[in-house]
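Colleague: Dumping the structure here so I can ask a few things about it.
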Amino acid sequence: MAASVACRRTTEARHRVATYEQALAAAEAAALKVRDAAAATRVAAGRLSKAAELGKMADFRRFTEHLDVSIATLNESAASLRGATDATLAWPGQDRDSGASFEDCYSEELCQVAASENVIVERRESQLVSFPSVIRVLPGSRALEVDKKKEHVTRPSKVVGILQAKQKRLDKFKPENFIEALYKVYAYLTEDTSSARLMANDRPPVLLSKIYGCWNALPGAKYTKADFSRDLFVLDYKGVRTTRKGKLLSMQAATGTRRSGFFTFVGPDGQEGKYYSVKFSERG
């Protein structure tokens with residue numbers, strides 16, 4: 001939060017500093033101008049070459065002047081491009097007092113650009129969530145991780161397009177696999193260590209924080225709280241409640257929302273799911 005506020009203060013202090021989207025757009029436009037100037041230079045050089053081949057001195061003089069103009073335009077365009085690329089690479093710039101980083105300012109801008117396209121992106125600790133995706137801005141690399149896959153496209157408008165496409169391909173998320181794994185951890189945590197197994201309907205609810213802690217205990221595990229929250233929400237959103245062997249899932253949230261330890265995720269329409277504990281019982 002502090003870094004996000006610092007980012008806003010930096011922007012205000014610099015009187016409307018270009019956004020990352022604007023910086024990239026400026027670099028793109030400058031690159032196109034260089035391309036056009038280079039094409040014009042190539043044409044002028046070709047005409048001059050032909051005039052020299054034929055000894056047409058009137059054309060030789062005229063095309064020499066054309067070439068001088070096109071080279072000057074190319075040099076000017078190249079200088080503008082260098083400035084635009086430097087500004088983009090340095091974005092959001094340096095300010096000794098702000099403490100603002102690329103990750104913080106980029107995350108804030110992505111949320112704003114997404115909102116303008118009616119796509120909800122929210123910050124959850126060090127990550128961004130946009131149903132059904134979890135996004136992480138990779139520190140120091142100016143790249144993203146979207147649903148655990150590295151994504152080198154970072155232009156906010158393009159990233160929003162990627163998120164929109166993922167929302168349309170929700171079928172790739174398989175809550176049927178998740179509920180099976182959820183039940184296995186639940187059954188392990190409710191095992192009666194003093195005698196035989198408890199009957200399924202006698203098993204108590206289990207805090208999701210305990211399930212997540214057990215799930216994520218392996219060394220090198222990268223299953224974040226945002227990932228877990230997303231999978232819980234998709235499970236709820238798709239209405240999957242029964243395992244392959246008929247164990248019925250119930251999810252509790254009412255008491256948990258007043259305490260710490262609950263998991264929350266925001267859906268495509270802004271609805272929020274909050275989950276605190278789960279219980280599996282025999283169906284019927």
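Colleague: Can you tell me the FRET efficiency between Leu248 and Ser126 if r is taken as the Cβ-Cβ distance and R0 is 45 Å, rounded to the nearest 0.05? Working shown, then result.
Modeller: On the way: r = 35 Å, r/R0 = 0.78.
FRET efficiency, Leu248 to Ser126: 0.80.
Colleague: Moving on. From the C-alpha gyration tensor of segment 16-154, pull out the three semi-axes of the equivalent ellipsoid (sqrt of 5λ each), sorted largest to smallest, in whole Å.
Modeller: Details: eigenvalues 438, 50, 27 Å².
With the √(5λ) rule applied to segment 16-154, the semi-axes are 47, 16, 12 Å.
Colleague: Among the aspartates and glutamates, which fall within straight-line cross-link reach of Lys158, defined as a Cα-Cα distance under 12 Å, with same-chain neighbours fewer than 8 residues apart omitted?
Modeller: Of all the aspartates and glutamates, those that pass the test against Lys158 - Cα under 12 Å, at least 8 places apart if same chain - are Glu21, Glu117.
Colleague: List the residues of segment 208-236 whose backbone N lies under 12 Å from a point placed 7 Å from the Cα of Glu145 along the Cα-to-Cβ direction.
Modeller: Output list for this probe position: 220-227.
Colleague: Now for a separate question. What does the charge count around Ala52 come to, taking other residues whose C-beta lies under 13 Å from its C-beta (Lys +1, Arg +1, Asp -1, Glu -1)?
Modeller: Details: positive: Arg47, Lys50, Lys56, Arg61, Arg62; negative: Glu53, Asp59.
Around Ala52, the surrounding residues sum to +3.
Colleague: Let me ask another. Report the label-to-label distance for Glu180 and Val153 in nanometres (one decimal), using points 7 Å from each Cα along the Cα→Cβ vector.
Modeller: Result for the modelled spin labels: 3.2 nm.
Colleague: Pull up the cross-link candidates among the aspartates and glutamates for Lys33, meaning alpha carbon to alpha carbon under 16 Å and not fewer than 8 places away within one chain.
Modeller: Lys33 reaches Glu76.
Colleague: Separate question: Going down the table (Lys166/Lys225; Lys150/Lys247; Lys150/Lys184; Lys172/Lys274; Lys172/Lys222), which pairs top 28 Å between alpha carbons?
Modeller: Values: Lys166/Lys225 20 Å; Lys150/Lys247 36 Å; Lys150/Lys184 30 Å; Lys172/Lys274 23 Å; Lys172/Lys222 20 Å.
Beyond 28 Å between Cα atoms: Lys150/Lys247; Lys150/Lys184.
Colleague: Quick one, what does Rg over Rh come out to for segment 32-102 if you take C-alpha atoms and the Kirkwood Rh?
Modeller: Values: Rg = 19.6 Å, Rh = 14.5 Å.
Result for segment 32-102 is an Rg/Rh of 1.35.
Colleague: May I ask you to derive the FRET efficiency for Gln22 and Lys238 from their Cβ-Cβ distance with R0 = 51 Å, giving the value to the nearest 0.05?
Modeller: Working: r = 39 Å, r/R0 = 0.76.
Taking R0 as 51 Å, the efficiency between Gln22 and Lys238 is 0.85.
Colleague: Based on the mean of other beta carbon atoms within 10 Å per residue, what is the order of 53-59, 234-240, 245-251, most packed first? If you can, show how the numbers build up before the last one.
Modeller: Numbers: 53-59: 10.4, 234-240: 16.7, 245-251: 14.9.
Per-residue Cβ counts within 10 Å, averaged per peptide and sorted highest first, yield 234-240, 245-251, 53-59.
Colleague: In addition: Which of the peptides 223-231, 34-42 is most tightly packed, and how do the rest follow, going by the mean number of other Cβ atoms within 10 Å of each residue?
Modeller: Working: 223-231: 20.6, 34-42: 15.6.
Descending packing order for the listed peptides: 223-231, 34-42.
Colleague: Take the Cβ-Cβ distance between Glu76 and Glu53 as r, set R0 to 22 Å, and report the resulting FRET efficiency rounded to the nearest 0.05. Don't skip to the end; give the middle numbers.
Modeller: On the way: r = 30 Å, r/R0 = 1.35.
Efficiency at R0 = 22 Å is approximately 0.15.
None of the figures in this text is laboratory data; all of them are computed from the coordinates on show. No experiment lies behind these values; they were computed from the predicted model shown. Note that we place each Cβ from the backbone using ideal geometry, even for glycine, and neighbour counts take in every protein chain shown.
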